[in-house]
1. Considering the stretch 6-39 alone, what residues qualify as being open to solvent by less than 70 Å² (accessible area, probe 1.4 Å), in contact with a strand residue (DSSP E or B) (Cβ under 8 Å, 6 or more places away or on another chain) and part of a loop (DSSP other than H, G, I, E, B)?
2. Going through 68, 88 one at a time, which residue ends up being open to solvent by less than 100 Å² (accessible area, probe 1.4 Å), at pLDDT below 85 and not in a loop (DSSP other than H, G, I, E, B)?
3. May I ask you to list pairs of residues, at least six apart or on different chains, whose Cβ atoms are under 7 Å apart, with the first in the stretch 1-25 being free of Cβ contacts under 8 Å to residues at least 40 places away in the same chain and the second being among the β-branched types (Val, Ile, Thr) and not in a loop (DSSP other than H, G, I, E, B)?
4. Please enumerate the residues belonging to the stretch 43-65 that are over 17 Å from residue 9 (Cα atoms), of a type in the set (Asp, Glu) and loosely packed, with under 13 Cβ neighbours inside 10 Å.
Amino acid sequence: MATFHLALIQLQVSSIKSDNLTQACGLIQEAAIRRAKVGSLPECFNSPYGMKYFPEYAEKIPGESTQKLSEVAKIAAYISLDVPFLKKMLENCIIPIQCLELMERYS
């Protein structure tokens, strides 16, 4: 049986998106060092949680968050998934092919 490491990442977010992205990317890299092949971030990892914040923090795809996640995924060799937006991410090709292969293999 193959071993598969999954990182479920939690982080304390602030009102500063760039700080949240930096923290999330650092945790993704740390998870990769610990052999995680896939990481999952919280739904609102780059902003405070709540519908009132959505207009201020919303981004087009590609945007700042998808760009940063794509960069760290190349370095860490896996992608960090924001589960509610997985379908949109797949449609916009920001997941490295290795991750798609892993998801296929283990699903």
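The values are calculated or read from the model by the stated rules, or taken from the named source; none is laboratory data. Predicted, not measured: the structure shown is a model, and the values here were computed from it. All Cβ positions, even for glycine, are placed from backbone atoms using ideal geometry, and neighbour counts span all protein chains on display. We work out accessible area using only protein heavy atoms, side chains counted, and drop any ligands, DNA or RNA first. Shrake-Rupley method; radii C 1.70, N 1.55, O 1.52, S 1.80 Å.
1. 9, 11, 36
2. Numbers: 68 fails: at pLDDT below 85.
Step by step, each of 68, 88 is checked, and only 88 is open to solvent by less than 100 Å² (accessible area, probe 1.4 Å), at pLDDT below 85 and not in a loop (DSSP other than H, G, I, E, B).
3. 6/38
4. The answer is 56, and nothing else.
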